[in-house]
Amino acid sequence: MTEPQPARAGDLSLDTADPQEAAYKALHAERAALEEELTLLQQRQRFGQDEEEIEAARVTEAALLKDLDRVLTMIRAAEIRRQQPQARRWQ
């Protein structure tokens, strides 16, 4: 199974006819943006010169990791819904 490419600003490839597919692609775009930001924060921690900047990067990284966990959980749920569209939903 291949992963969808993240949506870019101005990219009109999202299929608005299927809102679930658009939401799925948007989740992957959000995941990609979070992963990119996390990479930059890790680089600031590793190569930063200013202790305040390094500490701020650590704090921000912790918050973004929580957001990434939330997005990945939503992606897993969306993938299950895609594979089993008639499955019972627990809410």
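Quick notes on this one:
- Selection within region 14-63: residues that are of a type in the set (D, E, K, R) and crowded, with 16+ Cβ neighbours inside 10 Å. The member of this set that is farthest from ARG82 (Cα to Cα) is ARG44.
- Checking each residue in region 53-78 for being in contact (Cβ under 8 Å) with a residue 12 or more places away in the chain and of a type in the set (D, E, K, R) picks out ARG58, GLU61, ASP67.
- Taking first residues from region 37-52 that are outside any helix (DSSP H, G or I) and partners that are aliphatic (A, V, I, L, M) and open to solvent by less than 100 Å² (accessible area, probe 1.4 Å), the Cβ contacts under 7 Å between residues at least 6 apart in sequence or on separate chains come to GLY48/ILE54; GLY48/ALA57.
The values are calculated or read from the model by the stated rules, or taken from the named source; none is laboratory data. Owing to the predicted nature of the structure, the values given are computational and were not obtained by experimental measurement. Cβ sites come from the backbone with ideal geometry, for glycine too, and all protein chains shown count toward neighbours. For the accessible areas, the whole protein counts, side chains as well, though only heavy atoms, and no ligand, DNA or RNA atoms are used. Shrake-Rupley method; radii C 1.70, N 1.55, O 1.52, S 1.80 Å.
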